[in-house]
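Everything below concerns the one structure shown next.
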Amino acid sequence: MTGRSGAWTARSIRELVRETEVHKAVYTDPGLFDLEMRQLFANTWVFVGHASQVPAAGDYFTTTVGTEPVIMVRHDDGGIGVLINRCAHKGVRLVSEGRGNAGKFFRCPYHAWTYSTDGSIRHIPLRDEGYGGRGLDAAEASQGLARAGAVQVYRDFVFCRLSASGIGFEDYFGESLSTLDNMVDRSPAGRLEVAGGVLRYLHGCNWKMLVENQTDTCHPMVAHESSAGTTVRIWGEQPPGTPKPMAVEQFAPFVNSYRFFDSMGIRVWRNGHGHTGVSDSIHAAYSTIPGYQEAMVAAYGESRTAKILGEVRHNTIYFPNIMVKGPIQTLRVFKPLAADRTLVESWTFRLVGAPDALFERTCMYNRLINAPTSIVGHDDLEVYERAQQGLGAAGRDWVNLGRLHAPDEAAAATVVTPGTSEVQMRNQFRAWVRFMTAGMED
């Protein structure tokens, strides 16, 4: 195994992950983090954005894939592309962070090199006078903007693979796409739209800690005892018959028992994807929203509506770095910044054709649980940062992920286990090794 100053090889990376343990370097080593950005985030299919963020031709939205700055843009033909946000001339960031409309082209603010929305060069000032016969056609800059190797739009969710070759979209996600299907089908119109803005929250820890925590069901009743637990205690002191506030409905399930979380179940699929909430979840007992059931039955019929709304998945991880909550219509992106710094973005979606009260509940959940002002989110932040600090200590080099390990779990395409298992964490690290070492020498 190499140190932080050495060169990582496929063999040394594989040595970091055992059946039930991972070496602390996977969270702390800056060189390994840099390799993740070049290997893992290039060889996997990574979430970029949603089609509703770029509804018209020329609309764009900027984000990152790993640490690579990208532009999601709607073309004149209605298609969506993903471009690297870097001018081919001098490397200037082509557009600022955020959203906008480029019209028919992007224009660099430095020397006015201009590109069509597909990334091809549209115009170079003084091209004939300054570059004619001087080798521009053979230069890399003549190729225009770099593009993602592959782009796939699935039910308006936009994903890309930076590498030009690699695993296909369907092979990568397989049956895990059923979570997105269910989330979209909860709209009577069969459509979602990004709405309500975005919450951003900086964490002083490695991005994988956040991803692992989404399917860790042994921490809520411990870490959130002083926040959600206090809410439950105060609510219990109210007079009988007091209407239960929406906030109490959303806080209270965080301090359910181990037995409850165990009975929820976890399902995992290959390539690092999985979800909690196979048979139950913290979102299953929310109050009925007037008019919603009727709208769904009118759109889908009784039987189909019951099937859609009966699916109460808790947290679905799409490896490497997003988590989807279908029943409450939120999506979190865990954006790596450094080995010990992660930006979390929490997005909310409106169910088109559904009552406004559903969207109100979605936004309230996002503010109460995911915002920097949340009383629950700080519990998690505290333990993440303590873990990041603790992993720098000497004496123990391995982190244990062995709860309810089954020797044959890696061989199955789909695994369903009790909800307190750490099977999804092990599943993620098996995928981490596979995509980190793709094309590398031993």
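Among residues of the range 169-180 that are over 14 Å from V151 (Cα atoms) and assigned to a helix (DSSP H, G or I), those with a Cβ under 9 angstrom from a residue that is modelled with pLDDT under 95 and among the aliphatic types (A, V, I, L, M), sequence gap 6+ or separate chain, pair up as G174/A413; E175/A413.
Residues in the range 77-113 that are more than 28 Å from the chain's Cα centre (by Cα) and assigned to a strand (DSSP E or B): how many? Selection size over the range 77-113: 2. Looking across the range 69-89, just one residue is among the charged types (D, E, K, R) and crowded, with 19+ Cβ neighbours inside 10 Å, and that is R74.
How about the range 133-167: which of its residues are in contact with a Phe, Trp or Tyr (Cβ under 9 Å, 6 or more places away or on another chain) and assigned to a strand (DSSP E or B)? Answer for the range 133-167, where residues must be in contact with a Phe, Trp or Tyr (Cβ under 9 Å, 6 or more places away or on another chain) and assigned to a strand (DSSP E or B): A150, V151, Q152, V153, Y154, F157, V158, F159, C160, R161.
Tell me, which helices (runs of 4 or more DSSP H) lie completely within the range 226-318 with 2 or more residues that are among the polar types (S, T, N, Q)?
228-236, 302-309
Residues in the range 331-345 include at least one that is over 30 Å from M296 (Cα atoms) and among the hydroxyl-bearing types (S, T, Y). Residues that are surrounded by fewer than 22 Cβ atoms within 10 Å (Cβ to Cβ) and aromatic (F, W, Y) are absent from the range 362-381.
Condition check ((1) assigned to a helix (DSSP H, G or I); (2) within 22 Å of Q53 (Cβ to Cβ); (3) at pLDDT below 95) across all residues:
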site	(1), (2), (3)
L343	no, yes, no
W347	no, yes, no
R350	no, yes, no
A354	no, yes, no
E360	yes, yes, no
T373	no, no, yes
V383	yes, no, no
A387	yes, no, no
G392	no, no, yes
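Is it the case that R430 is within 22 Å of S176 (Cα to Cα) and in a helix (DSSP H, G or I)? Answer is yes for this residue. For the range 148-156, the condition of being of a type in the set (K, R), under 23 Å from I289 (Cβ atoms) and surrounded by 17 or more Cβ atoms within 10 Å (Cβ to Cβ) holds for none of the residues.
Quick one: count up the residues across the range 8-19 that are touching a strand residue (DSSP E or B) at 6+ places or on another chain (Cβ under 9 Å) and surrounded by 21 or more Cβ atoms within 10 Å (Cβ to Cβ). So the answer is 1.
I'm told L126 meets every condition in (1) surrounded by fewer than 18 Cβ atoms within 10 Å (Cβ to Cβ); (2) at negative phi except one. Can you identify the failing condition by its number? If we test L126 against (1) surrounded by fewer than 18 Cβ atoms within 10 Å (Cβ to Cβ); (2) at negative phi, just (2) comes out false.
Can you tell me how many residues within the range 14-32 are in a helix (DSSP H, G or I) and within 23 Å of A338 (Cβ to Cβ)?
Here the count works out to 7.
Going residue by residue through the range 20-40, is there one that turns out to be among the basic types (K, R), surrounded by fewer than 22 Cβ atoms within 10 Å (Cβ to Cβ) and modelled with pLDDT under 95? No; the residues of the range 20-40 include none that is among the basic types (K, R), surrounded by fewer than 22 Cβ atoms within 10 Å (Cβ to Cβ) and modelled with pLDDT under 95.
The values are calculated or read from the model by the stated rules, or taken from the named source; none is laboratory data. Quick caveat, the model's predicted, so the values are computed rather than measured. Glycine gets a Cβ as well: all are built from the backbone with ideal geometry, and neighbour counts include every protein chain shown.
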